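The structure appears right after this line, and notes come after that.
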Amino acid sequence: MRTIAVINQKGGCGKTTVSINLASSLAVRGKRTLLVDMDPQSHSAVGLAVPEEQIELAIYDSLLSASRKEKIDLSEILWQISDNFELAPSNIDLAAFEQQMAGVVGRENCLRDVLATVSDDYDYCIIDCPPSVGLLTFNAIKSSQDVIVPVETGYFSLHGLSKQLETLTVLSNQCEQPINVMVLASMYDVRTKMSREVLAELRKHFGSKMFQTVINFNTKLKEAASLGQPITEYEPSSKGSRDFLSLADELISTDTLTHRKEMVSSLSRQLEAIGNNARGILGDISLNRQQQSQEKTKEEVSERILDKVEEKIERYYGVRQQGNIVSFTALYPNARKVQIAGDFNHWQPENTIMEKISNDGAWQIKLNLAPGKYRYRLVVDGKWQQDPYNEDVEMNPYGDYNSLLTVG
């Protein structure tokens, strides 16, 4: 059983949304999946329409049994959500766990002991962690092979990311097993310049420690949560559903043991590097914002400095036109090959291969296009996807999105 903890001590980052919908998507892909709610607020149960008043036994009871070395029957607390998908709910009693376990030897291993009793019954276990640092979160880390840190693509979320990674570094020093930490961009709104800038910087700095899948901002996700359904049930054809199925596919395609052996020497060193990158991103963006603010208040600053940030953004994002020459630029630091397919090349990506133009992973191609409206998609290492930096899209016959380009 592959166990994945979803952690971020910053609230409002979509942590529970990620946990619920990732678990549901894994189940849709035929994987036996257990979702464990380690948040005393019981948001996973709420998000799956499990009535609080009907939860007689919860994960708290199983953790207590483990601490007392009693026989654990996790099936007594489980709720069947759908085929291949079960929930171990929490309740407010879980808030007292840390205080009750004070001084108990091995209290950080209670969840690991509980999950060990069902390790042969599931392919995946997703742990929804509380938005705080403490014994519950440490139990989750000690039980996991992987940690997902969802990050909003907004400026202030980077403060939370940096702080979260510092905390994980401290906790990791007490862990004996290597853990693979991955950053997941969530609530991405391609319409805002800030989101596009932050996504590019995340990809640039985190590289292989970031999922290629991006969870886009989607109102259907909020509607699904309000009705107590995962997005794969509420609106299977929505972009939110496709994003989470893509995330599930990305996880399934990963050989965890090989991945950890090749890419993770120790969690502490890994987090230190990622944490430094997060602080570096904050510094870069803070400097850019500060420069923009100064430029707005000082008219004597030259136009060249005023446009510096915009020029940097344009270097990485989407499409630019100069006469009949159209430049397509994208940032994929880990890609081996980036191609483009569209109306202009009869949707044959092998005929239009983008060139890697920088060491940080920027890819570009320039095409001479006649005036008109074109549809296109990027093909990154064989995976077709819309241009994440072009907000103009339309639904295609296959239920996905094509990017749109109008050449004047």
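What ranking of ILE55, ILE141 emerges when the number of other C-beta atoms within 10 Å of each C-beta is taken as an exposure proxy, fewest first?
Working: ILE55 18, ILE141 24.
Fewest-to-most ranking of ILE55, ILE141: ILE55, ILE141.
Report the gain in length on full extension from SER237 to ASN109: 0.36 nm times residue separation, minus Cα-Cα distance, nm rounded to one decimal.
Working: separation 128, 0.36 × 128 = 46.08 nm, distance 4.02 nm.
Here the answer is 42.1 nm.
Where the centroid of each part is defined by its Cα atoms, how far is segment 237-253 from segment 111-131 in Å?
21
Highest mean first, what order results for 333-340, 379-386 on Cβ atoms within 10 Å? Numbers along the way, then the final one.
On the way: 333-340: 17.9, 379-386: 15.8.
Result, highest mean first: 333-340, 379-386.
When a/c is below 1.5 the answer is rounded, else prolate if a/b is larger than b/c, else oblate, so apply that to segment 318-407 with a ≥ b ≥ c taken from the square roots of the Cα gyration tensor eigenvalues.
oblate
Please give the length that would be gained between ILE353 and LYS222 if that part of the chain were fully extended, namely 0.36 nm times their separation in residues minus their C-alpha to C-alpha distance (nm, one decimal).
On the way: separation 131, 0.36 × 131 = 47.16 nm, distance 3.79 nm.
Answer, rounded to one decimal: 43.4 nm.
Among residues other than GLU86 whose Cβ falls under 11 Å from its Cβ, what is the net charge (Lys/Arg +1, Asp/Glu -1)?
Surrounding charge for GLU86 is -1.
Just to confirm the filter: which trypsin sites (Lys or Arg not before Pro) across segment 23-102 are DSSP coil and have at most 12 other Cβ within 10 angstrom of their Cβ? Don't skip to the answer; put the middle values down first.
Numbers: sites: ARG29, LYS31, ARG32, ARG68, LYS69, LYS71; in loops: ARG29, LYS31, ARG32, ARG68, LYS69, LYS71.
The qualifying sites are ARG68, LYS69, LYS71.
Using each residue's phi in segment 134-141, evaluate 6.51 cos²θ - 1.76 cosθ + 1.60 at θ = phi - 60° and report the 3J(HN,Hα) Karplus result to the nearest Hz, with x for Gly and Pro.
Per-residue couplings from phi come out as x, 5, 5, 5, 5, 4, 5, 5 Hz.
Since every read-out is calculated from the coordinates, none of them should be taken as a lab result. Since this is a predicted model, take the numbers as computed values, not measurements. Note that we place each Cβ from the backbone using ideal geometry, even for glycine, and neighbour counts take in every protein chain shown.
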